[in-house]
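Student: Dropping a structure here in structure tokens format, bear with me for questions.
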Amino acid sequence: MFDGSLSNRLELSTPQQLDQSFSQSLALGDDCCELIRMAVSGSTSRLNTILYLSIKHIALFMKQVGMKGVYVITEQPALLYFFQSVNLYSDAPDCYVPMTYQQITPTKPYTYKGLILSDPMVKAIGECNYKQYYKQVLSARKKSTTHFASCLKF
């Protein structure tokens, strides 16, 4: 998916430079797409159901059309807890690569950027139903004491 070693090509000094260097590192632009502000509002139960179904269908669609990754910007902790739990406790390769987080204003939630990898995500989401997904989110939330692993703070 990437042209050469990604770690040597990313500019990490500002969010804008990271985004630009990330985009320029893609070998084929058709391998990846961008999903901006994956956000849902409503009751917690409804929010979690919609997030689960969204990720499930996005991952399946990505795999069907041959996309290898989706660059995601989200403020939804439930999604990030699910990704974190799959990355930490699954035999599958990481399905989500965390990149950065930033709090735009002190009264707003943190915004997280990362990359969903379609093949591992399809495997991970295919191995759980909504009830298992919700248990993974709750378990990861209870175990988490800091921001999500491997994120750069801007």
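Student: Scan around Cys95 for amide H atoms under 5 Å from its own, H built in the peptide plane at 1.01 Å from N, and keep only partners 5 or more places away or cross-chain.
Tutor: Amide H to amide H, under 5 Å and 5 or more residues apart or across chains, Cys95 pairs with Asn87.
Student: Then there is this: Please give the peptides 136-143, 116-123 ranked by average Cβ packing (other Cβ atoms within 10 Å per residue), highest first, as a rough proxy for protection.
Tutor: 116-123, 136-143
Student: Right, next: Step through the table entries Lys68/Lys113; Lys68/Lys108; Lys63/Lys143; Lys56/Lys123, compare each Cα-Cα distance with 21 Å, and write down the pairs that go over it.
Tutor: Lys68/Lys108; Lys63/Lys143
Student: Oh, and also: Can you find, among Asn87, Gln102, Val122, the residue sitting farthest towards the positive end of the charge dipole of region 75-133, where Lys and Arg contribute +1 and Asp and Glu -1 at Cβ?
Tutor: Gln102
Quick note: the coordinates plus some simple rules give every number you see, no bench work behind them. The model shown is predicted, which means the values in this text are computed figures rather than measured ones. Glycine also receives a Cβ, built like all others from the backbone with ideal geometry; neighbour counts cover every protein chain displayed.
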